[in-house]
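A.B. asks: Structure below; questions to follow.
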Amino acid sequence: MSLSDNEIRKAIRSGEFKTVPHPVKINPAGIDLRIDRDLSLRPRESVLVASLERIELGSSLVATLHLRSSLAREGLFASLALVDPGFHGQLTVRLYNAGDSPVNLEKGERFIQLSLLRLSAPATSHYSGMYQESRGVVASRRRKKSRTGRMESIIQGPRA
């Protein structure tokens, strides 16, 4: 079940959900997260950005991210993901400008909405992946093992 503004405030008071700094705006069904820096994104340009806020989710909460609709109307797309129970850190998002004009964002401007959902039962394990305690923009850490045993980047491919 998605948490309402009243339930979000209760989760903050109980320590089940934290943001540092505190949320600027709690909406009827989520909170707005702010961008960590000034940004001018030209048409067909893509960039990784981070939320200004650091979040902490308890074992009974999961979160989803949504781009603010006013930015989507300007041609912005975002790579958005599920945030697992137990996650702590800043969130990294890829933005892409599919529009015909630059999209400008100022540091501290609201750009993503985070919706919280309550699990039917607390998770038995918490997020412990490679992005735990993320600070600032964190590029992909996804790797695959080659036949030679070396680690290589999925994007760069094998090296000669």
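A.B. asks: Just tell me which aspartates and glutamates come within less than 20 Å, Cα to Cα, of LYS25; anything on the same chain fewer than 8 places away is out.
C.D. replies: Of all the aspartates and glutamates, those that pass the test against LYS25 - Cα under 20 Å, at least 8 places apart if same chain - are ASP5, GLU7, GLU16, ASP36, ASP38, GLU53, GLU56, GLU106, GLU109.
A.B. asks: Further question on the same structure: Suppose R0 equals 25 Å. What FRET efficiency, 1/(1 + (r/R0)^6) with r the Cβ-Cβ distance, do ARG143 and SER46 give to the nearest 0.05?
C.D. replies: 0.70
A.B. asks: Here's another thing I want to ask about it. Report the full-extension gain for the segment ARG13 to ALA29: residue separation times 0.36 nm, less the Cα-Cα distance, to one decimal in nm.
C.D. replies: 4.1 nm
A.B. asks: Taking the number of other C-beta atoms within 10 Å as the exposure measure, put GLU53, GLU106 in order starting with the fewest.
C.D. replies: Listing GLU53, GLU106 from fewest to most nearby Cβ atoms yields GLU106, GLU53.
A.B. asks: Can you give me the long-range amide H partners of LEU119? Hydrogens built in the peptide plane at 1.01 Å from N, cutoff under 5 Å, separation of 5 or more residues or another chain.
C.D. replies: Correct list: LEU61, VAL62.
A.B. asks: Within a Cβ distance under 15 Å of ASP100, other residues only, what is the Lys/Arg minus Asp/Glu net charge?
C.D. replies: With Lys, Arg at +1 and Asp, Glu at -1, the neighbours total +1.
A.B. asks: Between SER101 and LEU80, what is the FRET efficiency for a Förster distance of 25 Å, r being their Cβ-Cβ separation, to the nearest 0.05?
C.D. replies: E(calc), rounded to 0.05, equals 0.65.
Read the figures in this text as sums done on the coordinates, not as results from a lab. Predicted model only: the values in this text are computed from it and were never measured. Neighbour counts are summed over all protein chains in view; Cβ atoms, including those assigned to glycine, are modelled from backbone coordinates with ideal geometry.
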